[in-house]
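Written out below as structure tokens is the structure these notes cover.
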Amino acid sequence: MTTNDMERSKIVESSDTIEAIEECYRMGWSDGLPVVPPVDYKVREMLESSGMTGEEEIISLEMRNRVLTSENVAANAVMAGCLPDYFPVLTTTLKALEEEKNFVHMASASTSSPAILMVLNGPIRDQINANYKDGLLGPGNRANAVLGRAIRLCFMNGFDARPGTLDRGTLGNPAKYTLCFAENEEDSPWEPMHVARGFNEDDSTVTVAVAYNPVNVNAAYGHTGESVLMAIADTLKSASMAFRYPSQWVLVIGPEHAITLNEDGWTRKDIQEYMMENAARPQSELIRLGIAQGPERDGDDKIIRRCAQDPEDILVLMGGGTGGRNSAIIDTTRYKIRTRKIGT
Amino acid sequence: MERLGLPTASIITHVFNNTAKAMTRMMGVPDFEYIVAEHPLSSLTDEQCQERAEALFPEVERILVGSSAAKSD
């Protein structure tokens, strides 16, 4: 096993596979779950599939004096369980994160425990069999499970982002294990999210956010599109979300909600505007809740704080299975959500 | 910033001491001096914040310019 240049890196000889997995634990290379030992030939295979040598710089974090090369990323990708075809998704995601450096640090250190969100669009979804249907936010799919995991392992092993020392997340966040899924473009009433964000339908893209755990909105009994949106907006108004106002949001609309919304004529733009209008609270309430800084002044009840600065900061996509009427809200940080073409 | 020639006085709260130590080691300056304030800060009133800042000021001054406000009193 080898990883180059990383602290705790070392070439280790192991007599068998199980022992090699245990050695990875001893080296501190795991997120708690067993990892695939990063044997040299698997790391090379990962790199060669993308035409990389191992020397390329993928992401750096100056304040930790660290640079992650393609070899470092490949080693963590192998450990996470990635197949070579997944590798361009990882490098594109890491480069997108590096476009706003402060958030590389924030995503690995903050007390609020953010995760890295990756949403896949375009042909890549089926090329790597990513899940965009039943249980897309949960376990059971290799691509969804290991892509997010690989990013976190890069942070943990590359930037020493381990709980209690350099990762100071107060509570942690299960989405830190992985938060990766694809959009169900085929069944969506709306154009694919990446097309709405300026890409061609046949482009493969990853949309990257520094984000928190999905919050499920189980609006089972409403018969209208507006009732679905009311439930989502009401959740967006809660103290746990309103303290981020204005922020950026990813709304994962479940298929049955999408059908109802479509039948009632709600476009993506309509949904975004509804949230701007209805996911809003007076400043005075936010101060009383202790989620905005006081003291309260005259007129604060007239100052309306909205969930986002711009409707385009509310990303709307469709995904999930049928049988239930659920959608999810994913709240994010101030890292500007980016969509990038994979492999460029 | 120090490496760019800009004198700095870094302040952390005491619960981040181990994180600060880890950072200084990673940056290759294990002896980098920083100021440790009492935790927490974000829940203080404006007045309490002011008091805290005043209490820390001599240390900030000492690190930045090598003297202390107490000395000039």
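The values are calculated or read from the model by the stated rules, or taken from the named source; none is laboratory data. Just so you know, these numbers come straight off a predicted model, no measurement behind them. Positions of Cβ are generated from backbone atoms using ideal geometry, with glycine treated the same way; all protein chains shown enter the neighbour counts.
Examine the range A:168-176 for a residue that is modelled with pLDDT of 95 or more, buried (at least 22 other Cβ atoms within 10 Å of the Cβ), under 17 Å from the mean Cα position of the chain (by Cα) and away from chain B (no Cβ under 14 Å), and state whether such a residue exists.
yes
What is the number of the single condition among (1) surrounded by fewer than 20 Cβ atoms within 10 Å (Cβ to Cβ); (2) assigned to a helix (DSSP H, G or I) that A:A74 does not meet?
(1)
Looking only at the range A:19-66, count how many residues are farther than 15 Å from A:M156 by Cα and not in a helix (DSSP H, G or I).
13
Counting only residues that are more than 30 Å from A:D167 (Cβ to Cβ), give me the helices (runs of 4 or more DSSP H) lying completely in chain B with at least 1 of them.
Per the criteria, B:46-65, B:69-72.
Condition check ((1) surrounded by fewer than 13 Cβ atoms within 10 Å (Cβ to Cβ); (2) over 17 Å from A:N65 (Cβ atoms); (3) within 14 Å of chain A (Cβ to nearest Cβ); (4) out of contact with any helix residue (DSSP H, G or I) (no Cβ under 6 Å at 6 or more places or on another chain)) across all residues:
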site	(1), (2), (3), (4)
B:E2	yes, no, yes, yes
B:T19	no, no, yes, yes
B:M23	no, no, yes, yes
B:R52	no, yes, no, yes
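List pairs: first residue in the range A:227-239 and farther than 11 Å from A:I329 by Cβ, second residue surrounded by fewer than 19 Cβ atoms within 10 Å (Cβ to Cβ) anywhere in the structure, Cβ distance under 7 angstrom, at least six positions apart or on different chains.
These pairs meet every condition: A:V228/A:G222; A:A239/A:L289; A:A239/A:I291.
Do we have A:N72 as at pLDDT below 95 and either small (G, A, S) or farther than 26 Å from A:P123 by Cα (or both) here?
no
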